[in-house]
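Notes for the one structure printed next.
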Amino acid sequence: MEHVSSRWKNWVVKNLLASTALPVITEQLTLNGFDADTVRRLLGRNLPSNYVFDRDVEFYRKLATPAFLHQPSINNVTCLCDEKEVQLYRVDDFLSAEECHAVIDLSSSKLSPSKLTGAPSAKGIRTSSTCELAFMDSALVTSIDSRIVNFLGLGIGEKEVIQAQHYEQGQYFKPHFDFFPPGTPQYLEHAKRRGQRTWTCMVYLDDGMEGGHTYFTKIGVSVKPHRGTALLWNNLTNTGVPNFNTLHYAEPVTAGNKNVITKWFRDKN
């Protein structure tokens with residue numbers, strides 16, 4: 001349970017010793033982002049085996065089986081690593097070259113410095129620019145967003161806005177996770193109401209640049225940008241635990257520019 005800090009482990013012990021009602025302990029752990037599997041491990045035999053969670057292990061197992069994995073007609077998906085480490089997939093030709101060019105043109109005049117969730121400044125960590133595509137009145141953006149949603153077919157947590165990111169020469173996003181760490185102020189601010197991030201879909205809009213690979217540092221997988229290619233990964237395990245193997249690095253662009261679309265999914269509507 002590497003994602004559970006000693007502070008939270010001590011909090012559980014303190015409340016068990018104080019005979020705090022189990023539903024109260026469980027509710028607080030759940031509200032702070034801890035999944036059912038982790039809560040059961042923390043409470044052990046203190047928690048009845050028939051205790052019912054709103055989002056149990058079976059819920060996350062369903063999220064780990066997106067539509068594109070069991071549709072025979074889809075034949076452009078490549079698994080990039082052992083799925084026991086990370087569910088990480090490349091999808092060739094997800095967008096056409098024309099669509100990619102159109103999104104770049106659409107977003108280029110609406111870029112602003114990218115922000116860093118949970119931090120006062122992104123300086124030295126994330127140096128790209130971002131465009132909130134979802135707030136633009138564009139049939140193309142709506143179509144792409146729907147295509148991503150339908151491709152995964154999760155049926156939940158599909159409302160987080162789609163974005164475009166632009167990286168110029170020398171720009172990067174240092175190794176980071178897309179999920180929000182449970183038991184932290186960051187989780188309470190960004191996920192208590194909207195839910196934990198589950199899947200990420202990122203689409204490369206151009207190629208020909210040098211550098212700019214997406215590097216999953218813990219599993220040693222590096223993905224070179226290619227126009228129209230989508231990269232999808234599950235930020236959680238199939239039991240709902242944050243997957244620390246998803247640590248990834250948008251490496252510096254060494255020549256040219258890099259543009260991507262990103263959409264995240266949640267475990268709540």
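The values are calculated or read from the model by the stated rules, or taken from the named source; none is laboratory data. Please read these numbers as outputs of a predicted model, since none were measured by experiment. Glycine gets a Cβ as well: all are built from the backbone with ideal geometry, and neighbour counts include every protein chain shown.
Any residue that is free of Cβ contacts under 8 Å to residues at least 40 places away in the same chain, among the aliphatic types (A, V, I, L, M) and on the phi < 0 side of the Ramachandran plot - is there at least one of those in region 30-41? Checking region 30-41: at least one residue is free of Cβ contacts under 8 Å to residues at least 40 places away in the same chain, among the aliphatic types (A, V, I, L, M) and on the phi < 0 side of the Ramachandran plot. Residues in region 145-155 that are assigned to a loop (DSSP other than H, G, I, E, B) and either at pLDDT below 95 or not small (Gly, Ala, Ser) (or both): 1 in all.
Listed here are the residues, each with its yes/no results for (1) of a type in the set (A, V, I, L, M); (2) assigned to a strand (DSSP E or B).
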site	(1), (2)
Gly157	no, no
His166	no, yes
Phe179	no, no
Gly183	no, no
Leu188	yes, no
Gly195	no, no
Thr198	no, yes
Gly208	no, no
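When the residues of region 99-144 are filtered to those that are of a type in the set (D, E, K, R) and under 18 Å from the mean Cα position of the chain (by Cα), which remaining residue is modelled with the lowest pLDDT? Residue satisfying both the conditions and the ranking: Lys115. Scanning region 12-65 for residues that are more than 20 Å from His190 (Cα to Cα), in a loop (DSSP other than H, G, I, E, B) and of a type outside the set (Phe, Trp, Tyr) returns Ala18, Ser19, Thr20, Ala21, Leu47, Pro48, Ser49, Asn50, Val52, Asp56, Ala64, Thr65.
Would you check which residues across region 184-196 are buried (at least 19 other Cβ atoms within 10 Å of the Cβ) and of a type outside the set (A, V, I, L, M) and list them? Result: Tyr187, Gly195, Gln196. Looking across region 82-133, just one residue is touching a Gly at 6+ places or on another chain (Cβ under 9 Å), among the aliphatic types (A, V, I, L, M) and assigned to a loop (DSSP other than H, G, I, E, B), and that is Leu95. Checked across region 38-51, the condition of being at pLDDT below 95, within 19 Å of Lys192 (Cα to Cα) and not assigned by TED's automatic domain parsing to the domain that holds Thr198 holds for no residue. Can you confirm whether region 197-208 contains a residue that is surrounded by 15 or more Cβ atoms within 10 Å (Cβ to Cβ), out of contact with any Gly (no Cβ under 9 Å at 6 or more places or on another chain), more than 30 Å from Leu31 (Cβ to Cβ) and among the hydrophobic types (A, V, I, L, M, F, W, C)? Within region 197-208, not a single residue is surrounded by 15 or more Cβ atoms within 10 Å (Cβ to Cβ), out of contact with any Gly (no Cβ under 9 Å at 6 or more places or on another chain), more than 30 Å from Leu31 (Cβ to Cβ) and among the hydrophobic types (A, V, I, L, M, F, W, C).
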